[in-house]
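First, the structure itself, so that you have it in front of you.
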Amino acid sequence: MSARQAVDAVTADIRDHPITADGTGLFNVIRHIDLLCHLAARMAADAEYRLAPNITDLPPPATLGASAGHLGRAIAHYTQTLAPLITLTTTAQDTLQQKLDSLDHHSHLRTHLDDAGRALDAARTALEVRPPAAPNAPTPAPVHTPAVRRRA
């Protein structure tokens, strides 16, 4: 599986297992963090091996490093969803103040999930295969005029 296919597979899995404000959502966040950590480790390892000679099937190390950096951002945002999600799943929302507080937790949760999604998009974009630059048209050879010798 190529690096881009791996990012696509993890993104599809994340999309198929949404985060909800219950125990299932908490399990899914931990699962997403685990998948993203494995993927970031793979990108870092691929970048390391790409620095070795005779490895041609991998993207350039700078591309892999950029993608791993974006995955790190996604991991950070998913980790930041844990606090509001744990609060939402373990705290009763009986009083008006608790209900108002839960709005703030939902807002933080949504913000971090959106930021994680943008980081995943950036990781995928970093791996897009860019077509090689078209070779420039060959420059015509300079025309040399024969040297004329003058008689003295």
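What follows is calculated from the coordinates using simple rules that are stated; it is not laboratory data. Quantities reported herein were computed from a predicted structural model and do not represent experimental measurements. Every residue, glycine among them, receives a Cβ derived from its backbone with ideal geometry; neighbour counts consider all protein chains shown.
Taking the Cβ-Cβ separation of MET1 and ASP104 as r and a Förster radius of 41 Å, what is the calculated FRET efficiency to the nearest 0.05? Each step should come with its number before you reach the end.
On the way: r = 40 Å, r/R0 = 0.98.
The computed FRET efficiency comes out at 0.55.
What net charge do the residues around PHE27 carry, taking every other residue with its C-beta under 15 Å from that of PHE27, with Lys and Arg at +1 and Asp and Glu at -1?
Numbers: positive: ARG31; negative: ASP13, ASP16, ASP22, ASP34.
That works out to -3.
I need the calculated FRET efficiency for the pair THR90 and HIS38, taking r as the beta carbon distance and R₀ as 35 Å, to the nearest 0.05.
0.80
Give, in nm to one decimal, the length gained when the segment between ALA21 and ASP8 is fully stretched (0.36 nm per residue of separation minus the Cα-Cα distance).
Once the chain is fully extended between ALA21 and ASP8, it gains 2.2 nm.
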